[in-house]
Each structure stands twice: as C-alpha cells, then as structure tokens.
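Below is one structure, written out as structure tokens; comments come after it.
What follows draws every value from the coordinates through simple rules; no lab data is involved. What you see is a predicted model, and the numbers here were worked out from it, not measured in a lab. As a convention, Cβ positions derive from the backbone with ideal geometry for all residues, glycine included, and neighbour counts pool all protein chains shown.
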Amino acid sequence: MDDLKFGKRNKRGDYAPNTPLEVAPIIVWPPQPLKLLRWLPNYILPWNALFMAFAAVIWFYLTPSKETLQTLDWTWIAFILVRNAVLVFAFYGAMELRLYIKRSQGNRFKFNGLFPADKKSDVFMFGSQNIDNMIRSFGTGVPIWTAYEVGMLYAWAHGFGPWTTFEEHPWALIAMFAIIPLFHEAHFFCIHRLIHTPFLYKYVHSVHHNSINPSPWSSLSMHPVEHLLYWSDILIHLVLPSHPLLMLYHLQVTGTGAVVGHIGFDKIEAGDTAIDSHAYAHYLHHKYFEVNYSDGMVPFDQWFGTWHDGSAEGEARMEARFKLTREKANAKAHTGT
C-alpha cells in the first residue's frame, strides 16, 4: 500500500497524514448534528467495539462468581492478575510482533521513521526501550490495574455503590456505556496536566516520556504513581449507576486501550485496506511534550490553547506559545537577579 496517497514523509523518513486532526463534534457550539452522526461510527469502530467484546468475554467466562468475589482470597486475585497479564501480553505483543519485530509493513504510515529497537539508550533499563517498557508494564502497571479491578468486583459483590442491572435501568446503563470513553479522556486530561507540573513531571511522568518514539510496549510504561492516577477514573462506578460488565469495559478502554495512542503508525494495513489507528494526537504529545494532553474527543486542549492538529498552522501556534513561555521565564529570571 502506498502511504503517500494519504500523507507525506520528511527527509528523516517521518510520516504525517495530509488531513489535520479535528476535535470530535460533541461539545461544540452551535451543535453539528449531521457531523456528529457521521463521526459516531469512528467512536465505536474499531477500538471501542473490540474493547467491549473483550469485556464481555471476561465477564461471562473469566470472572469468578459473585459468591467467590465476596471473600478476598489470593487464588481468584491471582487468577485475575494472570488473566490481565496474558491479555496485555497477547494484544500488545501481537501488535509489537507484526509492526516492530517482523516489520510487516515496513515504515509505511510510521510517524517516526526509526524503530526503537535499532537504538540503545541509557535512559532505559538494560539500554532497551522494549525491555524497560515491559518491566514497568508488568511490574506495576498490570498489578495496579488488577488491584483496582479486584476492589471494584469486591465492592459489587457486597453491594457497595449504585450497581444495577440492565433489566432495572437499561437507559442509565446505555448512557454509562456511551460516556465511558469520553469520561476517561476528560479524566486523563486532568491527571495528565497535573503530572506535567515540574515536580511530578521530573519524578513521575518523565518515566513515560522517555519513550519519545513510542511502540505498543510503551503504552503502560509509567511510574507507579502515574498508574495509580491513571486508573482512578474507574471509581466513577461507585458514584453513578453501573454494572460490572461496564466497569470491565472501562478497564479495557484504559488498559488494553492505552495501546491505541502508542501504536506509532497512522494506519495498520490489513490486506488491501488500512485501519485508522487514531494514534496521531498522542504521538504529537510524545514528540512535543506540551501539546495534546487528550486526544481530541473532548475539546479541553482547544480551550486551553494546547491543541496541535498536525498542520503547519498548528506547528506555528505551538512555537508561538513556546516562545511566549520562554520570554516570560527569561523576564522572571531577569527580575529575580
């Protein structure tokens, strides 16, 4: 497939799509109902439909009974930990194998033309981005994800929280299903801005940003404090009416779904077609650090002036903002002396 039909490549071999990013037509004024209807399939397909399918399999076949969940026992907790680890290893590993080890589509549609494995770096354990990312993902990422899941299942089993059923409140649960990805992104924007403050960035978030050229294994490569903040959005299920199936879907959106922003490719080739990754917004964050604190489903970056749509105009706006920030810093330093 010729990726240059969809984008362009610079002298370094880095790819960028031709079409600038757009913020989802959800929270806009005036409302754009027709544009919203055209956008909705992208909201569901392919990723959120896949994550809901994962959640359904987990809920119906791979979650212990309610009676079992009422007692905190290491056997079922260990089962959930292993189940989550296997899912991450299989899902992330399949993408890493195809795109980064076998390099089945070369660097077609790849934002950064280089591959992380081709360059050693002292910022990573053993000089390897992949090894470092995997250690952090399975060392603290999956265990903290599992701890949240165990706590929520235990709460459900004991009736802690406004849990309900599809028979009792179908519309409330449909509404919850619809807002979960939006809520996750809004929550992510808030905690993301928080961990970009100087102290937390230096001691916490910089771990994740070591992966300037991210790959699937970078998705959950975070400091444990960031893991704790990242999955805290799951606590909404103790506040609003929900069901364990939707809670598990939420965990798939945040857990397995973290890979979406770190694939490193604009499209994944599948025969004669290509699947949009929706990874460009977050790739630009990894590239420039101080743009796109969310991915564009909520317009917070636009409101706060940190949106980068990948265009030359977006680049100019970013550079102007960076220049103003430097000038303010220099003026403050001069005043201080």
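For Arg321 and Phe60, what is the calculated FRET efficiency with R₀ set at 41 Å and r taken between the beta-carbons, to the nearest 0.05? Please list the in-between numbers first.
Details: r = 48 Å, r/R0 = 1.18.
Using R0 = 41 Å, I get an efficiency of 0.25.
Quick check: pseudo-label points 7 Å beyond the Cα along Cα→Cβ at Phe199 and Asn10, how many nm apart are they?
3.6
Rounded to the nearest 20 debye, what is the charge dipole size of region 122-219 about its Cα centre when +1 sits on each Lys and Arg Cβ and -1 on each Asp and Glu Cβ? Could you put the intermediate results ahead of the total?
Details: 3 positive and 6 negative charges, 70 e Å.
Using only the charged Cβ atoms, the result is roughly 340 debye.
For region 70-76, in order, what is each residue's ³J(HN,Hα) by Karplus, 6.51 cos²θ - 1.76 cosθ + 1.60 with θ = phi - 60°, in whole Hz (x at glycine and Pro)?
6, 10, 6, 10, 5, 5, 6
How much length is gained on full extension from Val225 to Phe126, taking 0.36 nm per residue of separation minus their Cα-Cα distance?
Working: separation 99, 0.36 × 99 = 35.64 nm, distance 2.25 nm.
Full-extension gain reported as 33.4 nm.
Please find, in a Gaussian network model of the chain (springs between Cα atoms separated by less than 10 Å), the residue of Val298, Val142, Val82 whose mean-square fluctuation is greatest.
It is Val82.
Dipole magnitude of the chain about its Cα centre, charges +1 at Lys/Arg Cβ and -1 at Asp/Glu Cβ only, in debye to the nearest 20? Each step should come with its number before you reach the end.
On the way: 27 positive and 28 negative charges, 210 e Å.
In debye, rounded to 20, the chain gives about 1000.
Around Gly264, which amide H atoms from residues at least 5 apart in sequence, or from another chain, sit under 5 Å from its own amide H, with H modelled in the peptide plane?
The list, which skips near neighbours in sequence, is empty: none.
Could the peptides 24-33, 98-107 be put in order, highest first, of the mean number of other beta-carbon atoms found within 10 Å of their residues? Kindly include the intermediate steps, with their values, before the conclusion.
Values: 24-33: 12.3, 98-107: 15.3.
Highest to lowest by the protection proxy: 98-107, 24-33.
Could you pull out every residue, at least 5 positions away or on a different chain, whose amide H is within less than 5 Å of the one on Ser294? Hs are placed 1.01 Å off N in the peptide plane, and Pro or chain starts have none.
Those lying under 5 Å, H to H, from Ser294 are Asp301.
Just to be sure I follow the definition: excluding the sites themselves, where is the longest run in the chain that has none of the GluC sites (Glu not before Pro) in a DSSP loop with at most 15 other Cβ atoms within 10 Å? The partial results should precede the final answer.
Working: sites that count: Glu22, Glu167, Glu168, Glu290.
Answer from the scan: 23-166.
Under a point spin-label approximation (7 Å from Cα along Cα-to-Cβ), what is the Arg38-Glu22 distance to one decimal in nm?
0.5
Measuring from label point to label point, each 7 Å out along Cα→Cβ, what is the Trp74 to Val150 span in nm?
In this crude label model, Trp74 to Val150 measures out at 1.0 nm.
Across region 311-325, in residue order, what do the Karplus-derived ³J(HN,Hα) couplings come to in whole Hz, using 6.51 cos²θ - 1.76 cosθ + 1.60 with θ = phi - 60° and x for Gly and Pro?
8, 4, 5, x, 5, 5, 4, 5, 5, 5, 5, 4, 5, 4, 5
Roughly speaking, what is the centre-to-centre gap between region 220-251 and region 37-72 when only Cα atoms are used, to the nearest Å?
Distance between centres, Cα-based: 13 Å.
With θ set to phi - 60° and the Karplus curve 6.51 cos²θ - 1.76 cosθ + 1.60, what are the ³J(HN,Hα) couplings of region 289-295 in order, to the nearest whole Hz, using x for Gly and Pro?
Result, ordered by residue: 6, 10, 9, 6, 6, 10, 9 Hz.
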